[in-house]
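Report on the following structure.
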Amino acid sequence: MRKVLIITYYWPPAGGPGVQRWLNFVKYLPEFDIHPVVYIPKNPNYPIKDVSLSTDLPKNVTIYKNQIFEPYSLAGFLSKKKTKRISSGIIEDDSQSMAEKILLWVRGNMFIPDARKYWVKPSVRYLETVIKEEGIDTIITTGPPHSLHLIGLKLQKKLALKWLADFRDPWTSIGYHSKLRLNDRSKRKHLKLENEVLNSCDKVVVTSKTTRDEFESITRKPISVITNGFDVAESNLSFGELDKDFTLSHIGSLLAGRNPENLWKVLAELISENETFRKCFRLNLIGVAGQDVLNSIYDYGLKSYTKVEEYVSHKDAVDLQRRSQLLLLAEIDSPDTRGIIPGKLFEYLAARRPILALGPKNWEGGEIVADTNSGFVFDYTATSDLKAVILNWFHLYQQGNLMVSSVNIKQYNRRRLTEKLAEQLEWE
């Protein structure tokens, strides 16, 4: 069995979609005659933790750990919540204090490409020995944090390894990049590093066609699209009873750019016009919800209908998705986010509940919802059509017949996606 070194920052007990992607790849790679050797930080400062994911750790994996210096631990002048949000790329535009503005400037201009840059040199020294002792000839780096690609860059130069760079998100074009208060010198440095990584690695993997098209203007190296997905085991779980209420549930962060005011307006109208709807409707927000989003919801009179819970375990999130009558998927209304496909979309598909999606025009996430017949997609200006769809779903709910007849979702199960990854690890 061939060994492959996977260099990742996020690993259990970290929570969120970043850890689930590679936790599942590692889980299924041995089925394709590849033994994963995983390198992770020994003392990471994870913004979100989910201890339940530790139960999914494969037994047939070799793990190496090394110390990391985390600058965010020094940001004591901010609340713990604010620091965690900034460290995970959640940057709100409203009501930033002077201390937050300073931290963002420091984060953007002093820590390039990100605050994990101090892990690069010690990791290269540490992994040189590991690679030789384990007999490894192929490495994988996954970012963000994109500092990990710099580890791959330096290891490749020293040891002439085969290197696959996995981009779970874009680098310089990701939404929060423009909020980091970068000066011109810092912008040029980011672009230079991005260019060097993309033109030095042997192959590139991205999670969307939009990112692939963007990177093809920078490099001629082979680029493959391997999306996120849902775990095979989860897709085979039995389905229990649905919520008795007419629930609309959103899992994950819901911040300023993901604030579908047209939806809140439509829901307020339905509550006002339909007494039965008013008695049955509930809005579940599971994850970080921005204060401006909550204010918008409350301004439309929806506070008493809304339940907010900042974080639940992945297991509980999956259970909640399967119980909800409807699932809400929202992406930032900007051309820059057309290629962002939220990881939760694939779990929504596995949950087999109708998806109400709102996002920018030509949004890849919306295309997947439409192509799999898993729900309806709207932009941030829709009102009458949006209202008609929700009302029709409500009538089906009243009849006990609210369901979805999705198609072609098996292509997104983690085992099939791992098979695609294994094919990329075959070198000519």
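The values are calculated or read from the model by the stated rules, or taken from the named source; none is laboratory data. Because the structure is a prediction, the values reported are computed rather than measured. Here the Cβ is made from the backbone with ideal geometry for all residues, glycine too, and neighbour counts use every protein chain on show.
Within region 338-357, restricting attention to residues that are assigned to a loop (DSSP other than H, G, I, E, B) and small (Gly, Ala, Ser), the residue that is surrounded by the fewest Cβ atoms within 10 Å (Cβ to Cβ) is Gly343. Residues in region 317-337 that are of a type outside the set (A, V, I, L, M, F, W, C) and either part of a helix (DSSP H, G or I) or surrounded by fewer than 22 Cβ atoms within 10 Å (Cβ to Cβ) (or both): Asp319, Gln321, Arg322, Arg323, Asp333, Ser334, Pro335, Asp336, Thr337. A single entry from Ile91, Ile86, Ile131 fulfils the requirement of being part of a helix (DSSP H, G or I), of a type outside the set (Ser, Thr, Tyr) and at pLDDT below 55: Ile86. If the condition is being in contact with a strand residue (DSSP E or B) (Cβ under 6 Å, 6 or more places away or on another chain) and in a helix (DSSP H, G or I), then region 369-392 contributes Val369, Ala370, Leu386, Val389.
Of all residues in region 165-178, none satisfies being under 28 Å from Glu367 (Cα atoms), out of contact with any strand residue (DSSP E or B) (no Cβ under 8 Å at 6 or more places or on another chain) and modelled with pLDDT of 95 or more. Checking Ser374, Ser384 one by one, the residue that is surrounded by fewer than 20 Cβ atoms within 10 Å (Cβ to Cβ) and hydroxyl-bearing (Ser, Thr, Tyr) is Ser384 and no other.
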